[in-house]
1. How would you rank B:415, B:509, going from fewest to most other Cβ atoms within 10 Å of each one's own Cβ?
2. For an R0 of 30 angstrom, estimate the FRET efficiency from the Cβ-Cβ distance between residue A:149 and residue A:11 and round to the nearest 0.05.
3. Once the convex hull of the C-alpha atoms of the stretch B:665-758 is built, how many Å³ does it hold per residue, rounded to a whole number?
4. Roughly how crowded by other chains is peptide B:169-178, in terms of the mean Cβ count from those chains within 10 Å of each of its Cβ atoms?
5. Of A:153, A:49, A:131, which has the largest mean-square fluctuation in a 10 Å C-alpha GNM of chain A?
6. When Rg is the radius of gyration of the Cα atoms in chain B and Rh is its Kirkwood radius, what does Rg/Rh come to?
7. Considering every residue in B:234-241, what mean count of other chain Cβ atoms within 10 Å of its Cβ is obtained?
8. When the scattering of the stretch B:604-749 is computed by the Debye formula from its Cα atoms alone, each counted once and equally, what is log10 I(q)/I(0) at q = 0.12, 0.14, 0.18 Å⁻¹?
Ligand code: SF4
């Protein structure tokens with residue numbers, strides 16, 4: 001991609017009031033530590049050289065999941081056009097960890113930020129071919145207008161941060 | 001038919017206007033405005049809509065195959081597919097699933113009563129699933145905030161997408177303060193939402209079964225797609241041990257690639273967002289662990305759920321069980337019905353409701369049936385609940401066609417309403433022969449149609465008779481006793497000014513000034529003077545109103561064309577069928593279309609252009625004739641007929657001199673209301689362009705509709721609704737010194753509300769002397 005796909009991603013997220021930070025893999029753990037508010041649950045990050053901070057509880061119990069204020073998960077890919085992150089349903093609980101706590105920190109490799117929905121669907125199709133067939137396209141924060149005005153953080157997170165690993 | 005009387009209907013509408021209209025309008029109009037913006041920013045919108053429609057066409061065409069395909073896919077994943085014939089069948093199946101879950105794993109949570117959490121689903125509303133489950137002693141909690149508000153209020157949805165749209169924040173706060181008696185009374189939307197999150201979160205954690213709908217089901221992978229903003233569908237689907245997805249069979253699409261245009265379109269059409277917060281694609285049972293909040297000490301990744309068995313053993317991966325219930329309930333019959341089939345392409349985005357002025361005024365409790373609301377509800381209700389449910393509200397569709405541009409799958413919603421109206425007419429029990437309207441109604445309809453409908457459906461004959469006897473007929477029609485009779489017999493509201501018929505019709509006037517020969521001479525003189533080389537000839541269509549009522553606009557059109565060097569003919573031509581169509585009298589319209597075609601085809605053969613003043617007649621020729629005439633005949637008429645200002649625009653573009661017309665100084669403010677059907681045909685812009693080129697500073701109205709739409713506003717039961725809609729338009733244009741409108745009804749409505757003259761744009765443009 002010659003155009004600045006990550007820049008486009010960042011602008012889309014800005015409109016959704018979601019922060020984006022570009023960090024080298026080596027600094028990711030530290031950044032996560034600062035953004036995450038405890039208690040923190042997470043699923044292991046499959047990026048070389050990136051590990052979750054020690055304070056993060058992986059394989060949480062339902063009680064820990066319920067009590068957590070922050071959930072940290074990797075995302076398989078992101079769609080710059082709409083500011084979307086693709087969250088997979090995995091056996092280690094990525095889906096509930098991204099959904100239950102009020103703050104979601106999504107970590108994505110820069111090469112996995114694709115420009116538009118069509119490119120996103122290509123990635124989705126690749127995943128389906130490999131048997132990864134349950135994916136959520138999450139864009140911005142959970143929202144409702146059903147109580148008469150727009151409110152964020154209904155059933156899902158009301159606060160989302162995206163970390164782009166610039167060297168991955 | 002258990003239909004309400006006119007006065008009962010008028011009362012009901014008045015009540016809804018007062019109690020629900022404001023809240024509905026506030027939200028629906030915002031979504032509509034955002035849709036315009038997002039549609040406008042989407043470069044490939046038209047190709048997306050075309051693609052989405054063609055995918056749906058293909059999918060409905062091979063629906064039985066897709067059912068087989070999805071069954072194989074879901075079973076291969078370890079889930080179950082059940083095709084339910086009707087509501088009772090579906091409800092019994094779901095009850096059974098809950099019972100099995102309970103008997104195998106016990107009741108979750110502290111309670112003894114089995115419980116179900118549901119994510120918003122119109123399909124389960126359609127089958128009254130909640131009542132059925134509750135009758136089986138199963139607790140049901142709606143988790144979509146809007147649906148939950150309705151559940152607490154014991155109310156019904158009033159909008160396909162925003163079910164509680166008719167309730168204001170203050171009303172919800174009052175309801176919740178009453179029901180839940182909080183320490184600190186709820187006030188803000190924020191407080192209400194926080195409370196709901198906590199309360200519903202607990203219900204979800206303790207539920208035995210999660211039930212969702214499905215926006216789309218990808219047949220070959222068994223993927224359920226859920227589109228939400230709140231995230232409750234995700235929670236309902238992934239938290240309990242058992243997930244049941246209930247979807248109408250029409251939700252099936254062949255492959256994952258087919259999903260893309262819908263993901264791209266659905267939020268844009270529904271709320272004007274570029275994409276929804278959560279587009280969940282689940283091919284259940286998923287790998288995601290079930291969450292057993294009863295056993296809070298074991299890690300969620302331990303094989304999950306209340307089963308102690310490892311994943312995969314009994315077909316339950318990660319302890320999860322999945323059922324896809326595909327509902328027929330009339331849909332497979334709709335598929336065989338050439339007129340209702342299109343309804344099945346609907347993706348339930350609610351854009352048609354949001355673009356509908358009548359819907360804004362009364363909401364889905366007025367403009368809706370047992371389950372569905374808005375323009376497309378007629379098709380759904382007729383298909384799944386029967387014609388009677390559709391008959392209750394079908395007349396609220398005025399056929400204005402503003403929903404046609406809104407619908408992401410290009411469904412011809414007004415046509416479905418016309419067809420169902422026709423079928424309802426045929427099942428009516430009014431006296432077959434009727435002394436009051438018989439002589440005036442040479443229609444082709446079988447007996448049994450409401451006499452008001454027959455009267456308006458044959459308005460051309462009425463107008464001809466009234467014109468022949470004017471001014472006596474006008475005087476008579478406005479006399480109190482006659483108004484009372486008209487109101488009682490035909491339902492014409494006595495508060496509405498009736499059109500005043502001219503003794504000299506446009507056709508007579510044209511003949512009396514020398515007919516086409518004289519017109520040719522005039523045009524030739526004008527052409528010599530202006531040195532424009534325009535070699536066209538026009539047949540001006542004298543629609544009923546232009547011919548008998550609003551003859552001034554017809555005269556203005558003739559003078560304008562002649563001044564621009566174009567000779568005109570105004571022959572006595574048959575009715576277009578527009579009036580009959582709006583009353584659902586399709587066979588009458590069909591006959592009239594053929595006659596008009598026959599009369600015009602010779603003119604077209606002779607190289608003449610057909611120019612139409614009344615936009616609704618042009619819309620009949622450009623849109624509905626596709627359903628009434630052979631394809632070639634339709635195409636021929638369509639490509640050779642024009643709206644008057646569009647035609648003038650074309651002449652100016654081809655070298656005609658605008659200075660010949662009556663021009664402004666560039667400062668003169670003109671407010672212009674196009675006309676609903678004219679806007680759907682993309683004909684607003686040419687009029688604006690002509691007005692601007694002729695020196696008028698033009699402001700266009702944003703209101704979707706004037707509220708009159710043909711005979712609609714004359715009807716007693718709809719009079720107040722028509723005024724309510726009209727006032728929104730009037731308030732937009734009232735400050736302008738000059739107001740013009742292209743449609744007869746729009747002009748009438750504005751004249752009444754603004755209490756001043758509102759003419760057709762061509763009257764502004766016409767040169768004063770020739
Ligand atoms: S008919 Fe079209 S606009 Fe109306 S709800 Fe269905 S898809 Fe949406």
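1. Going from sparsest to densest Cβ surroundings: B:509, B:415.
2. Efficiency, from the Cβ-Cβ distance: 0.70.
3. Looking at the stretch B:665-758, the number lands at 81 Å³ per residue.
4. Numbers: counts 5, 1, 1, 3, 2, 0, 0, 1, 0, 0.
The per-residue average across the peptide is 1.
5. With Cα springs under 10 Å in chain A, the top fluctuation among A:153, A:49, A:131 is at A:131.
6. 1.03
7. Averaged over the peptide's residues, the number is 4.
8. Treating every Cα as an identical point scatterer, log10 I(q)/I(0) equals -0.57, -0.75, -1.09.
Just so you know, all these numbers are worked out from the coordinates, no wet-lab data involved. Small disclaimer: the values here were computed from a predicted structure and weren't measured. A quick note on method: Cβ atoms are made from the backbone with ideal geometry, for glycine too, and the neighbour counts reach across all protein chains shown.
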